[in-house]
1. Can you compute the helix-only [θ] at 222 nm over the protein assembly as shown? Use -39500 (n - 2.57) per DSSP H run of at least 4 residues, normalise by all residues, nearest 500 deg cm²/dmol.
2. Looking at A:LEU411, A:HIS426, A:SER466, which one has the Cα that reaches farthest to the positive end of the dipole of region A:387-526 (charges on Cβ: Lys, Arg +1; Asp, Glu -1)?
3. With the Cα gyration tensor of region B:36-117 giving a ≥ b ≥ c as the square roots of its eigenvalues, does the rule (a/c under 1.5 for rounded; else a/b larger than b/c for prolate; else oblate) give rounded, prolate or oblate?
4. Can you grab the distance from the C-alpha centre of region B:307-346 to the C-alpha centre of region B:68-101, Å, no decimals?
5. Rounded to the nearest Å, what's the spacing between the alpha carbon centres of region B:163-230 and region A:289-351? Just the number, please.
6. How large is log10 of I(q)/I(0) for chain B at q = 0.14 Å⁻¹ when the intensity is taken from the Debye formula with one equal scatterer per alpha-carbon?
7. Using a cut-off of under 18 Å, list every residue of region A:211-252 whose amide N is near the label point 7 Å from the Cα of A:THR475 along the Cα-to-beta-carbon line.
8. Can you give me the angle between helix A:311-325 and the longest principal axis of chain A, using Cα atoms only, in degrees from 0 to 90, rounded to the nearest 10?
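Derivation of every value follows stated rules applied to the coordinates shown; laboratory data play no part. None of these values were measured; they are calculated from a predicted model. Here the Cβ positions follow ideal geometry from the backbone for every residue, glycine too, while neighbour counts run over all protein chains shown.
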Amino acid sequence: MAEEIRIGVFVCDCGSNIAGYLNVKDLAEYAKTLPNVVFVKENLYTCSENGINEIKAAIKDEKLNRVVVASCSPRTHEPLFRGTCEEGGLNPYLFEMVNIRDQCSWVHMQEREVGTSKARDLIRMGVAKAALLQPQETIQSEVDQRAMVMGGGISGITAALAIANRGYHVTLVEKAAELGGLLRKLDKLAPSDLDASTLVAQQVELVTTNPNIRLLLSTRVEEVRGYIGHFTVTVNNNGEKEDFGVGVIIVATGAEVLKPVGLFAYDGERVINQLELEERFKAGSFSAKNVVIIQCAGARIDERKYCSRICCMVGIKNAITIKELSPETGVFLLYRDIQAYGVENEELYHRAKELGVRFINYDQAIPPVVEPGKVTVHHQLLGRELVLPQDLVVLSTPLIAGEDNEAISKLLRVSIDENKFFLEGHVKLKPLDFATDGIYLCGNAHYPASLREAVSQALGAASRASIPLAKGVMTVEPIVSTLCDEDACRGCGLCVALCPYGALEIERTEKGRKVKVIPVACKGCGVCAATCYQHALTINSYGDDQLGEQIRAFLNA
Amino acid sequence: MLDVGRHPKINLLAYSEVEEVSGEVGAFQIRVKQKARYVNADLCTGCGSCAEKCPSIVVDAYNVGLGNRKAIFKYFPQGIPSVYTIDAPQCRQLGQGKKCGVCAKVCQANAIDYEQKERTLDLEVGAIILATGYEVFDPSVIPEYAYDRIANVVTALEFERLLSASGPTAGHLDRPSEIAMEKEIEALEKEHKKLDRQVKQLEEKHGKTSSEVLDAAKGGTSIEGVDVAGWASSAEKLHGIEAVLSELHRKKATTHAAKKLAFIQCVGSRDFRFNRFCSSYCCMHSVKEAMIAYEHDNDVSTSIFCMDLRAVGRGFEEYKLRGGKQANIRYVRGRVAEITEDEAKNPIVWYESTANRQVVHEVFDMVVLATACVPSHGTKKLADLFGVELERNGFFKTHPLAPLNTSRPGIFVCGCAQGPMDIPESVAQASSAAARAAELVAPARHLAVAAK
């Protein structure tokens, strides 16, 4: 036989925040008339020491088995009241909160009667739902305290070192035969003037001598199963497969430089891109009397709308290098907007000007024309065509997303944007996390970044990834999806496809294909439950019966 | 913010300043001064009854001077910890030696404590992160932009408050000149009401009309039992106010919310007189503010004057283009030379149109200055206190390959304290600085965790 439901309702005055605009006395009296309500108390501040003690005492004295607080926002106060219930000996999920401040007294400040009437409705609905609440247990899950970093460029190396230095084991997987990524191909770095190869050598030394890092070169990740704390990774090293477990994954797979085939008469000889120019610097084979650098070659155009962020600085850096190598060489840099954002970049821009690099703005509608021995550009300030002599044209091309990005995004069930760069969980608040827990990103895999930015992001991603590693255990609120009717589930997989967090998977059981919820990965958003036409899935504390009862209570005033 | 306030491992010391730093990496000793709030933070529930009843009205710094607050206040509604503070110099009781005590009377939590003293705390920490942010450049030092003289030239931050639904104009683009006019009308109406009452009382008492008294005053005759000169002066003043008021009302009827906006980029940035550097984020916040203004009112059109429009993040260039196509934004290449004002208080922008190679001028309803990001006031003092170096612009100095490290081991810096950057970059850097600090203190983890 089901236990008798005994609900206690606590109505908060919030000083005058609620009591000043609603008839709280009336609300308290009203609550007493609601089904299953055995105790009602009006508090000056329910969240104060007094209010908290009154809740605890009432749970004991009045044998309450459900608590409803009608006060402010669950965003700020639900954890406190749930904790209070627990301290009072009640399962914290037998608590329901009604927001009569933000939703009633504040928005209906000038309408006492209307606001009070709405608060009555909300309290009635909260009480109706509370009667159907079931106790829930917090979900705990062990975390495998090892990490995998995908990509051995400067971002991946930095992230791997940061995690290893905190004492956790890292497997660093690189598809190429050596570490260093794009940096290996570069000459000097700006603004530090350091040789890129020196930096790569230093970092490789640190990686290979770190006892916490296992380095897998010429290796591809083939499969990733599981969820935060429990990933199983299959890698393939020249045909040899291996499985290992990790708790977190960092994606640092970098980007590629666009080869501007078909643009500005690119031929790889007299018209080259910045990477090819750097290779000439490295090889000591650079020589030219007049160089014209053209920015936005293949970027900020209709087919590729985005600005690749770093190419202006690459162009300026290499213009400076040319002037330093060969002060007699004339250097023209044709640009649309000089993206020398920040302190250091703008300084480099000035330095280039001081060294005699000539900057000419061009309009996208009238682009420069490259012909043998000359470049013709429309000079806006002069209002006429200028013909610049050249024996070398260098195109500043954007970084484009890695060719594997689509495959990796499917492998890890993470998002990519319209340009196929990996997409962070939140543009402002979670720039280094994916929406899926336990997977992080940094560097050019995310979006073109300078060395300074890539290093910052890599350290940041390592920091984010270290949080579950350091905790060792994931504790998750039980307000998650649950398969409430296994027989009804047909294993269609619609919910799996729609889950934004990779929290569902289909498994084979004795009863056939069934969905399985991974509670630690679930955020309780409810997309799956709303989608399931069989009503096989539900969200704890937000089930059809509970929400239905709430709606019925609203309709039956 | 909320998470910080609630986190069991974060000891939040708001309204506090570091006074002394000693020791070295792994074992720093820090002395912190916690200023007196005159409110017991443990008892205050943040309900706001005190601020509602407080009689002292103060200009609100959070609304950049466009609105008011009380002497007991919360800096902004979502502030953490969610407790009130008395701004002592502005408080009648604490700062002005008057009898008041209203807040203590209305506080039902008994949280007001006029006797509260500042506290000194000594902390031991292994690593330090400086995240002291930046300040907005004061554009009044640029004479040609006349920020001080022209009411409808505002900073981006002021404009941001005007756009905010919780700001002083509830999100409507009322022009500062009109806001000032409203205030003037309000003050004059109050005075008018007072004088009118006085004159009416006199009329009733003596059974004479004001015009009779004015005639008498003109003719130099006296009326028995009446202070003719005094009455006449009040009546004249009243007429004067009425004339001014009717003129103001006439003007007000012709005003409208700002529809035609100009944004001027690089105000105090990329300008050798002030700061050579680029402030990084202002191009995008101008585009954003223009977009929001357009969304609020589709009749709004905007011109953004810039040397380069620096839209370098994911989706930024696309956002900029969308602004141009869908939100009436025009991007004008060039630096504005001067701003003047016409009789209707409209700012006039003078600039060289590089496309047409001509000096032109254009009238706008409001001009927004995209002001530079400059080092916070007191950064130099902090640098001395912590023994770290600054770069030439006064931001904390870092190295491109160790972007979070200051010049002193164990002290890290993130966000705009090391130079201008946008929110995602700041958030990413904050995690990175945490990683650096955590690497350092990893061996001592869990040794000094206090229960909350």
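1. Working: 26 runs with 317 residues, N = 1009.
Roughly -10000 deg cm²/dmol at 222 nm, from the helical runs in the protein assembly as shown.
2. A:SER466
3. On the way: a/c = 1.63, a/b = 1.12, b/c = 1.46.
Note, shape of region B:36-117 comes out oblate.
4. Between the Cα centres of region B:307-346 and region B:68-101 lies a distance of 40 Å.
5. 66 Å
6. -1.37
7. A:229
8. Helix A:311-325 sits roughly 30 degrees off the main axis of chain A.
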